[in-house]
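The values are calculated or read from the model by the stated rules, or taken from the named source; none is laboratory data. It should be emphasised that the depicted structure is a prediction, and the values quoted were computed from it without experimental measurement. As a convention, Cβ positions derive from the backbone with ideal geometry for all residues, glycine included, and neighbour counts pool all protein chains shown. The protein model used for the area step is the full one, side chains on, heavy atoms only, and it has no ligands, DNA or RNA in it. Shrake-Rupley method; radii C 1.70, N 1.55, O 1.52, S 1.80 Å.
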Amino acid sequence: MSLLDDLRAFTRTVQADVQFALERDPAATSALEVLLVYPGVHALALHRVAAALQRAGVSLLPRMLSQFTRWLTGIEIHPSAQIASPCLIDHGMGVVIGETAKIGARCHLHQGSTLGGASRLRTQRHPMLGDDVLVGAGASLIGAISIGKGAKIGAGAVVVANVPPYATVVGVPGHIVAYYDPGDDTVLRLPDPEHDRIEQLEQRVDALQAELRRFEERAAGGAPATISRS
Ligand SMILES: CC(C)(COP(=O)(O)OP(=O)(O)OC[C@H]1O[C@@H](n2cnc3c(N)ncnc32)[C@H](O)[C@@H]1OP(=O)(O)O)[C@@H](O)C(=O)NCCC(=O)NCCS
């Protein structure tokens, strides 16, 4: 491939990222605005240059470019990370994408999200995201885990295990709360026993507080105080 072909491919990729930002961010008003002011778009464009240099065997420069990008945008992407196009890194500040991370097409990552490693071995040690994955603000995905196509990772979740396609994962540690069925466009909400138990306990505390208030009122009025056992 000639340099001109490389340039054309790069331009197409940036255009696709800009278009994707326009589709995904309701606050975006024009392609020019996205191109000029979206740090995620700048970080991805610079990453694509750093990744090409890395693949060409250039030493040091790709890491320097990656660190320059971090300085400029607050987004740190290792030059060896593989990111398909289009991709949107929304807001971006604090995003970290590790050396062996892989990100499928049409993924949408928010500020503060981490695709981090949990091993010191120089093997696959970062997350692998399928296509159409959403990663919420501040979510941490740790280790060589697979995140299935169309999965949604909630803001602030910590995910250390594989996530099946079209699952919604929230919380610490991350747990599945819903599945999206792309076949009939429906969402199946899963029961959350922990949440249900907390709700039952809250209702019980409310009932006990009400009982205690009645007891105190009767005692203050001089009536014989009795407490129900229900
Ligand atoms: C996880 C997420 C994708 C789910 O969205 P959704 O499919 O519309 O699902 P819902 O909002 O109906 O939430 C499903 C359940 O998960 C809970 N939930 C949603 N997001 C959560 C989160 N980040 N942490 C903990 N629980 C969460 C909801 O309370 C709900 O629980 P319930 O069924 O007991 O009421 C979304 O809530 C989210 O976190 N998106 C990230 C967006 C983001 O980072 N924006 C930053 C913009 S600057």
- Over segment 3-189, what is the mean sequence separation of C-alpha contacts under 8 Å (at least six apart), divided by residue count, expressed as relative contact order in percent? 11
- Message: Just to confirm the number: angle between the C-alpha axis of helix 193-220 and the first principal axis of the chain, 0 to 90 degrees, nearest 10?
- Response: 30
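Can you pull the Kirkwood radius for the chain, inverse mean 1/r over Cα pairs, to one decimal in Å?
For the chain, inverting the mean 1/r across all distinct Cα pairs yields 20.2 Å.
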- Roughly how many percent of the accessible protein surface of the chain is carbon and sulfur, given a 1.4 Å probe and a whole-percent answer? 59
- Item | Listed residues GLU217, GLU99, GLU202, most fluctuating in the chain (Gaussian network, C-alpha, under 10 Å) | GLU217
- Message: If I build a Gaussian network model for the chain, linking alpha-carbon pairs within less than 10 angstrom, which residue out of ALA220, ALA27, ALA56 has the largest mean-square fluctuation?
- Response: ALA220
- Item | Accessible surface, per residue, of segment 1-121 when the full set of protein chains is kept, probe 1.4 Å, Å² | 52
- Note the full-extension length gain between GLN15 and ARG70 as 0.36 nm times their separation in residues minus their Cα-Cα distance, in nm to one decimal. 17.6 nm
- Query: What's the longest bit of the chain with no exposed trypsin sites (Lys or Arg not before Pro), using DSSP loop states and at most 13 other Cβ atoms within 10 Å as the test?
  - Reply: 1-119
- Item | Choice from GLU23, GLU33, GLU194 with maximal GNM fluctuation in the chain (Cα, 10 Å cutoff) | GLU194
- Query: What percent antiparallel are the DSSP beta bridges of the chain, to the nearest 5?
  - Reply: 25
- When the Cα centres of segment 157-230 and segment 62-91 are compared, how far apart do they sit, in Å? 41
- Message: Between helix 3-24 and the chain, what is the angle of the helix's C-alpha long axis to the longest principal axis, kept within 0 to 90° and rounded to the nearest 10?
- Response: 20
